[in-house]
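Please treat every number below as a calculation from the coordinates, not as lab data. Remember, it's a predicted structure, so these values are computed and weren't measured experimentally. As a convention, Cβ positions derive from the backbone with ideal geometry for all residues, glycine included, and neighbour counts pool all protein chains shown.
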Ligand code: SAM
């Protein structure tokens with residue numbers, strides 16, 4: 001498999017990814033805003049609007065936000081449900097979760113979230129225990145994507161929703177060249193400026209390039225057993241929102 005532009009053994013990738021997020025955890029949210037000019041917030045808003053979590057009901061509504069890092073997607077979901085949804089933020093990296101836990105103390109509905117350290121490829125949750133599974137900019141980092149999708153399918157209830165936000169491939173003539181040179185010339189130096197090291201951000205850029213096209217990734221979602229698999233391009237295909245159902 002790949003780690004950035006290097007070819008690495010699949011069993012080695014996770015350790016390398018963990019080192020990246022261990023290193024950037026404290027500055028992660030700031031870097032997201034700087035590198036995307038804040039646009040990642042709009043993409044996350046779009047994902048949560050698509051999910052449209054219920055604002056009330058007779059049964060609990062449980063969402064697993066996988067690779068949830070510092071918890072910003074979970075916070076949006078809970079807020080959109082006006083405190084009705086219960087979010088579990090799950091991430092393999094304790095440093096990212098610690099930042100998230102600290103931030104959650106000042107959420108509007110802090111009682112609606114819990115943080116669990118686990119690998120997306122091997123979840124510590126019962127079958128059919130969630131109404132929705134969300135993952136934003138996380139699946140790209142998981143070494144065995146098919147396993148993570150199979151686990152997503154397993155923990156979802158029937159009628160459950162899968163939403164994946166991930167970088168895509170810019171294919172607009174002209175804009176693709178601008179995006180490429182921004183990625184190479186601005187992102188790694190900006191990473192060095194803010195976190196002291198360009199390497200994690202070089203990984204980021206290369207991992208985006210290595211990720212399957214939206215069509216290929218949609219096929220993987222279908223292979224995991226999901227139905228009604230669709231994707232929507234966001235901001236000139238910089239990112240894509242993938243939606244599917246467990247039926
Ligand atoms: N969802 C957040 C967001 O959109 O800002 C964080 C995304 S961050 C780019 C990727 C996250 O994936 C990191 O927090 C990392 O620790 C996590 N991650 C990487 N591999 C993972 C795995 N195998 N299982 C669970 N989380 C993983």
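Using the basic label-point model (7 angstrom from Cα toward the beta carbon), what is the residue 210 to residue 193 distance in nanometres?
2.7 nm
Figure the gain on full extension for residue 50 and residue 169 (residue separation times 0.36 nm, minus the Cα-Cα span) and round it to one decimal in nm. Let's see the in-between values first.
Values: separation 119, 0.36 × 119 = 42.84 nm, distance 2.15 nm.
The span from residue 50 to residue 169 would gain 40.7 nm if fully extended.
Between helix 145-155 and the chain, what is the angle of the helix's C-alpha long axis to the longest principal axis, kept within 0 to 90° and rounded to the nearest 10?
Approximately 10 degrees, to the nearest ten.
How do 4-11, 152-159 rank on mean C-beta neighbours within 10 Å, highest first? Write down the numbers at each step before the final one.
Working: 4-11: 12.1, 152-159: 17.5.
For the peptides 4-11, 152-159, the packing ranking is 152-159, 4-11.
Indicate the gyration tensor shape class of region 36-181 (rounded, prolate or oblate), computed on the Cα atoms with a ≥ b ≥ c the square roots of the eigenvalues: a/c under 1.5 is rounded; otherwise a/b larger than b/c is prolate and the rest oblate. Let's see the in-between values first.
Details: a/c = 1.57, a/b = 1.37, b/c = 1.15.
Prolate.
Hey, could you get me the Stokes-Einstein D for the chain, Kirkwood radius over alpha-carbon pairs, 4 °C and 1.567 mPa s, rounded to whole µm² s⁻¹?
71 µm²/s
Using Cα atoms only, what is the angle between the long axis of helix 39-51 and the major principal axis of the chain, expressed in degrees (0 to 90) to the nearest 10?
30 degrees
Using only Cα atoms, find the angle between the long axis of helix 10-24 and the longest principal axis of the chain, and express it within 0 to 90 degrees, rounded to the nearest 10.
Between helix and principal axis, roughly 90 degrees.
For region 11-45 and region 217-240, what is the separation of their C-alpha centers, rounded to whole Å?
So the two Cα centres are separated by 21 Å.
Name all residues of region 35-61 having a backbone nitrogen under 19 Å from the label point set 7 Å from the Cα of residue 108 along its Cα→Cβ direction, giving them as ranges.
41-57, 61
If you build a Gaussian network model of the chain, linking Cα atoms that sit under 10 Å apart, which residue out of 180, 209, 62 swings the most?
180
Just the number, please: Stokes-Einstein D of region 123-167 in µm²/s, Kirkwood Rh from C-alpha pairs, 4 °C, 1.567 mPa s.
On the way: Rh = 10.8 Å.
After rounding, the answer is 120 µm²/s.
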